[in-house]
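Novice: One structure coming up, written as structure tokens, with questions to follow.
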Amino acid sequence: MEYIYAAMLLHTAGQEVNEKSVKKVLKAAGSDADEARVKALIAALEDVDIEEAMEKTAVAAAPASAASAPVAEEETAEEETAEEDDEEEKEEEAAAGLGALFG
């Protein structure tokens, strides 16, 4: 995941996402860059609009409850736990989806 995070960080900072820059970010973070993985990441990102991928993932990961109006009825502890589990599952699925986009 650190390879994807490096690419996202570079993109967000307005820097070019290439092998050299990804290696620099990984090194600055104290991680050793695997040459093959860096090359694979750059190749996988060649036709990916990183901004669009990040926006889609952020929307998919946003908890549904944040956009909804407050509920008048009190929820039971079981309902709250089930909702939290569902939200965590959605966040994990969204993160996995972003990971698949980046190789």
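Novice: When residues of segment 2-27 are filtered for being touching a residue at least 24 places away in the same chain (Cβ under 8 Å), hydrophobic (A, V, I, L, M, F, W, C) and farther than 19 Å from ASP47 by Cα, how many remain?
Specialist: Final tally of qualifying residues: 1.
Novice: Sticking with this structure for a sec: Quick one: would you say SER65 is of a type in the set (Gly, Ala, Ser), at pLDDT below 70 and over 14 Å from the mean Cα position of the chain (by Cα)? Before the answer, list the steps.
Specialist: On the way: of a type in the set (Gly, Ala, Ser): yes; at pLDDT below 70: yes; over 14 Å from the mean Cα position of the chain (by Cα): yes.
Yes.
Novice: Quick one: is VAL59 out of contact with any strand residue (DSSP E or B) (no Cβ under 7 Å at 6 or more places or on another chain), on the phi < 0 side of the Ramachandran plot and at pLDDT 90 or above?
Specialist: On the way: out of contact with any strand residue (DSSP E or B) (no Cβ under 7 Å at 6 or more places or on another chain): yes; on the phi < 0 side of the Ramachandran plot: yes; at pLDDT 90 or above: no.
No: the conditions fail for VAL59.
Novice: Which of the residues belonging to segment 1-30 are among the small types (Gly, Ala, Ser) and either touching a strand residue (DSSP E or B) at 6+ places or on another chain (Cβ under 6 Å) or exposed (fewer than 14 other Cβ atoms within 10 Å of the Cβ) (or both)?
Specialist: So the first thing to find is which residues in segment 1-30 are among the small types (Gly, Ala, Ser), and the list is 6-7, 13-14, 21, 28-30.
Result: ALA13, GLY14, ALA28, ALA29, GLY30.
The values are calculated or read from the model by the stated rules, or taken from the named source; none is laboratory data. Source: prediction; values computed, not measured. Heads up, the Cβs are rebuilt from the backbone with ideal geometry, glycines too, and the neighbour counts pull from every protein chain shown.
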